[in-house]
Amino acid sequence: MTYTRLLYDVRPDGVATITLNRPEVFNAFDDALSYELQDAWQQVARDAAVRAVVLTGAGRAFCSGQDLKAAKEAEAAGGPPRSFHDSLHQRYNPIIRAMRGLPKPIIGRLNGVAAGAGCSLALACDALVASTEASLMEAFINIGLVPDSGSSWFLPRLVGTLKAFELCALGSKVPAEEALRLGLVNQVVAPDQLDAATYALAARYAGAPTRSIGLLKQMLNRAATATLDEVLDYEAHCQELAGATADYREGVAAFAEKRKPVFTGQ
């Protein structure tokens with residue numbers, strides 16, 4: 001697919017960057033962007049050279065959620081009224097499922113506001129590095145809607161039910177420093193340090209045992225709704241798979257030889 005709404009790049013160190021590229025509307029989602037992002041996640045999943053992904057937005061925002069103006073203009077031009085149910089199942093939910101199912105780490109580069117579905121997109125990342133100018137906002141309630149794209153699943157697990165209700169019901173902006181205190185982001189840095197901090201973390205993940213990272217994501221996804229017995233059984237299953245990788249053999253050899261391991265993602 002030729003992208004018109006996002007930028008896609010892969011660095012020599014195995015870090016791919018996906019940049020939402022509609023800065024004039026704060027990287028809001030229209031139909032084209034949502035389908036392009038679905039395709040981009042398929043591309044990073046297929047590319048064995050990609051071992052970590054940075055997700056970010058162009059300009060001053062990460063993603064402001066749904067492009068309400070574009071949706072309204074489509075209806076005014078004679079298009080059918082938009083079904084929220086169909087839009088979520090066709091456009092947003094596949095993106096979130098692809099991110100959580102991707103067997104590679106995703107680092108969000110939070111350069112500005114992440115609101116509505118853009119907030120859900122940020123929370124679906126495996127790690128978030130935020131600029132001091134960034135913020136998160138569950139903005140749905142401000143237009144009479146409810147959280148979607150996974151926010152009602154992510155938020156209670158990150159901040160607890162009481163705080164999740166407050167953030168969703170009030171729809172107030174959470175500045176980067178408060179987001180760090182709440183456990184919504186991993187790091188907060190000055191804007192001019194955002195690239196350095198993000199790509200330093202991404203490089204660490206890209207040099208990690210990729211298959212073990214993928215298994216780890218699956219384990220954490222399941223653990224959120226599983227019993228202890230189910231988790232113990234699944235840990236044993238995943239450990240067997242991890243123990244069969246070349247990276248496990250390299251890790252043990254490096255430990256015995258008192259050197260730093262060189263993982264290949266195999």
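Numerical summary
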item: Alpha-carbon centroids, segment 147-225 and segment 1-69: separation in whole Å; result: 18 Å
item: Calculated FRET efficiency for the pair Arg82/Ala246, C-beta based, R₀ 51 Å, to 0.05; result: 0.60
item: Within-9-Å neighbourhood charge of Pro103 [Cβ basis; K, R +1; D, E -1]; result: +3
item: DSSP beta bridge pairing in the chain, given as percent antiparallel to the nearest 5; result: 25 percent
item: Net dipole in debye of segment 179-266 [+1 Lys, Arg Cβ; -1 Asp, Glu Cβ; about Cα centre; nearest 20]; result: 300 debye
item: Net charge contributed by nearby residues that have their C-beta within less than 14 Å of Ala244 (K/R +1, D/E -1); result: -1
item: Evaluated at q = 0.14, 0.15, 0.16 Å⁻¹: base-10 log I(q)/I(0), Debye formula over Cα of the chain; result: -1.01, -1.14, -1.27
item: Positive-end residue, the chain charge dipole about Cα centroid, Cβ charges, pick of Leu215, Gly160, Ser34; result: Leu215
item: Positive minus negative residues near Leu33 (Lys, Arg vs Asp, Glu; Cβ under 14 Å); result: -2
item: Whole-percent carbon and sulfur share, accessible surface of the chain, 1.4 Å; result: 58 percent
item: Qualifying aspartates and glutamates (Cα of each under 18 Å from Cα of Lys260; at least 8 residues distant if same chain); result: Asp13, Asp247, Glu250
item: The chain - charge dipole about Cα centre, Lys and Arg +1 at Cβ, Asp and Glu -1, debye rounded to 20; result: 400 debye
item: Crossing angle, helix 210-223 versus the chain [Cα axis fit, 0-90 degrees, rounded to tens]; result: 60 degrees
item: Segments 250-258, 110-118 sorted - mean Cβ within 10 Å per residue, highest first; result: 110-118, 250-258
item: Rounded accessible area per residue of the chain, 1.4 Å, Å²; result: 51 Å²
item: Sequence of Leu33, Leu180 when ordered by accessible area, the most exposed leading, probe 1.4 angstrom; result: Leu180, Leu33
item: Angstrom value of the Kirkwood radius, inverse mean 1/r, which spans all Cα pairs in segment 126-227; result: 15.3 Å
item: Cα-based helix-to-principal-axis angle, 194-206 vs the chain, degrees rounded to 10; result: 40 degrees
item: Computed helical MRE - 222 nm, the chain, DSSP H runs ≥ 4 contributing -39500 (n - 2.57), nearest 500; result: -14000 deg cm²/dmol
item: Note, ³J(HN,Hα) from phi for segment 22-37, Karplus 6.51, -1.76, 1.60, rounded to Hz, x at Gly and Pro; result: 10, x, 5, 10, 6, 6, 5, 7, 10, 4, 4, 5, 5, 6, 5, 5
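The values are calculated or read from the model by the stated rules, or taken from the named source; none is laboratory data. Since we're looking at a predicted model, the values are computed, not measured. Note that we place each Cβ from the backbone using ideal geometry, even for glycine, and neighbour counts take in every protein chain shown. Side chains included, ligands, DNA and RNA excluded: accessible areas come from the protein's heavy atoms. Shrake-Rupley method; radii C 1.70, N 1.55, O 1.52, S 1.80 Å.
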